[in-house]
Amino acid sequence: MRMSDLILKKKHGEILTKEEITFMISKYSSDEIPDYQMAAFAMAVCFQGMDDAEVSYLTHEMAFSGDTIDLSGIDGIKVDKHSSGGVGDKTSLIVLPLVASLGIKVAKMSGRGLGHTGGTLDKLEAIEGFRIELSDDEFIQTVNEVGISLIGQTLNLVPADKKLYGLRDATGTVDSIPLIASSIMSKKIASGADAIVLDVKVGSGAFMKTVDDAKELAKLMVSIGSKLNRKTVAILSNMEEPLGHEVGNANEIKEVVEVLKGHGETKLTELCLELAAQMMVLGEKQSNKEEAIVELREAISSGKALEKFKEFIEAQGGNSGFIDDYSLLPQAKETIEVLSETSGYITAIDAEEVGISAMLLGAGRKTKADKIDYAVGITVLKKTGSKVEKGDVIAHIHSNGNHEDSVAKLKKAFTIENTAPVVDPIIYEVIQ
Ligand code: URA
């Protein structure tokens, strides 16, 4: 078999066999196929696409190209949750203790965030003493005893995707739905879960800019899941504006606690309940979503979910005192008020611009080597649809130094017009 023939085959829109895809990924992983040939193949996929069977073979080969996580030491159905990434997305830290409080076992290895704001691990590290490094045995033991553990990635998971993703980034071949779907799903399969709930974000702050594209991606990932025997559900959710009020690290932890105390912003809470309910159904703790939502609301109002969050923080060495006293979280030196420059209705808040504004403060990384400042961030006080007067405070910037560029960026993120907008829902559709 020759890679040049496979490139030609895809260039002409033909379907590759399982053997051909196995050959390509194994030889690429062992450096026997050079980057230039793989780049040509990726470009051919951008134009010709792949069918569902090809994508599932590709996903499988990448998933097993390196280490995989063995969760067999944990009883029950292991359900994973994945977000395609967004600004102010703290849903994992709400949803995972919530479902764990109702008996779903949560074992999650996460990567760090690169880009606008910190990832889940960065947010957790805003908590004094919290350890994201546990041995494999400690990890499994914590899940068995507490019901939840979340740690940094130590294994060499999905090296073929790492290599291919880097190549795609440099060759203009990232935006191919089959390549994105196989890249995301290969990491989920290697992570050992039996079932997967995907939060596919749509909008200015997301990878997928339109509902149609997000739907195509979601359908493909659900189909890959079913071909590879992982029950998969995808939720298309709105990422036109930041999720919730807080964007940063310590301030997002505070918002997590507010949701678990039952005081969360409506849309953020709604999305978390939907994600958690889907996990409850896939994990066979509930037979239908509506009943799951009733039980989840009860776990919040009774304090059970918050108690599980506290147990999880303490099990990984964190000081849980911040749950009752937010001043124990890292605090920025200054809070700057951002004022509305006109009267009217907020018709849009560009999530990406808010994310970049937070990154400029130090809440996210421009490069892998950058250090995060956990204390800084943005509180979006007025969300899309709000009526504002000139001079009203629409946001707070929590700063530890230079913030002129952040203030300018944040102001530009808000669009204020005379007519009230039609506000889109937080959940567009559920694909299963
Ligand atoms: N996220 C991934 O993990 N892979 C892609 O290809 C795109 C987004």
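Past the 20 Å Cα-Cα mark, which pairs from Lys188/Lys267; Lys187/Lys231; Lys27/Lys188?
Beyond 20 Å between Cα atoms: Lys188/Lys267; Lys27/Lys188.
Got the relative contact order for the stretch 54-213 handy, in percent, Cα pairs under 8 Å and 6 or more residues apart?
Normalised by residue count, the contact order of the stretch 54-213 is 41 percent.
How far is helix 250-260 tilted, in degrees, relative to the longest principal axis of the Cα atoms in the chain, given as a value from 0 to 90 rounded to the nearest 10?
90 degrees
I'd like the distance between the alpha-carbon centres of the stretch 371-432 and the stretch 20-91, rounded to an integer number of Å.
A separation of 35 Å, based on Cα centres.
Which whole-angstrom value gives the distance between the alpha carbon centres of the stretch 332-357 and the stretch 188-237?
About 30 Å separates the Cα centre of the stretch 332-357 from the one of the stretch 188-237.
For a distance above 19 Å, tell me the whole-number percent of Cα pairs in the stretch 192-325 that qualify.
Cα-Cα pairs in the stretch 192-325 separated by more than 19 Å: 60 percent.
Based on alpha-carbon centroids, what's the gap between the stretch 270-311 and the stretch 1-18 in Å, whole number please?
First find each Cα centre; the distance between them is then 46 Å.
Which number comes out as Rg/Rh for the stretch 1-132 once both Rg and the Kirkwood Rh are worked out on C-alpha atoms?
For the stretch 1-132, the value is 1.08.
Calculate the FRET efficiency for Thr154 and Ile77 from the Cβ-Cβ distance with a Förster distance of 25 Å, rounded to the nearest 0.05.
For Thr154 and Ile77, the calculated efficiency is 0.55.
Once the Cα atoms of helix 91-100 and of the chain are each reduced to a long axis, what angle between those two axes, in degrees from 0 to 90 to the nearest 10, is obtained?
Rounded to the nearest ten degrees, it is 80.
Test of understanding: what is the full-extension gain from Asn402 to Thr419, defined as 0.36 nm times their sequence separation minus their Cα-Cα distance?
So the chain would gain 2.6 nm between Asn402 and Thr419.
Would you list Asp350, Asp51, Asp199 from fewest to most Cβ contacts within 10 Å?
In order of increasing Cβ crowding within 10 Å: Asp51, Asp350, Asp199.
Along the stretch 195-203, what does the Karplus equation 6.51 cos²θ - 1.76 cosθ + 1.60 (θ = phi - 60°) give for ³J(HN,Hα), rounded to whole Hz, x for Gly and Pro?
9, 9, 10, 9, 9, 9, 7, 10, x
Using each residue's phi in the stretch 386-398, evaluate 6.51 cos²θ - 1.76 cosθ + 1.60 at θ = phi - 60° and report the 3J(HN,Hα) Karplus result to the nearest Hz, with x for Gly and Pro.
Once rounded to whole Hz, the list reads 5, 8, 10, 9, 4, x, 5, 7, 9, 7, 10, 10, 9.
Quick one: helix 159-171 against the long Cα principal axis of the chain, what's the angle to the nearest 10°, folded into 0 to 90?
Taking the Cα atoms of the chain, the angle to 159-171 is about 80 degrees.
List the lysines whose Cα lies under 19 Å from the Cα of Lys308, skipping any in the same chain that are fewer than 8 positions away.
Once the sequence-local lysines are set aside, what remains near Lys308 is Lys78, Lys81, Lys90, Lys105, Lys108, Lys123, Lys254, Lys261, Lys285.
Tell me the Rg and the Dmax, in Å, that the Cα atoms of the stretch 311-409 produce.
16.0, 49
Student exercise: in the stretch 349-432, how many lysine pairs 8 or more apart or on different chains have Cα atoms under 22 Å apart?
Final tally of qualifying lysine pairs is 17.
From Cα pairs below 8 angstrom and at least 6 apart in sequence, can you work out the relative contact order of the chain, rounded to a whole percent?
RCO, the chain: 20 percent.
Rounded to two decimal places and with Rh computed the Kirkwood way over Cα pairs, what is Rg over Rh for the chain?
0.97
Bear in mind these aren't lab numbers, they're just calculated from the coordinates by the rules spelled out. Just so we're clear, the structure is a prediction, and the values are computed from it rather than from any experiment. Note: ideal-geometry Cβ built from the backbone for every residue, glycine included; neighbour counts use all protein chains shown.
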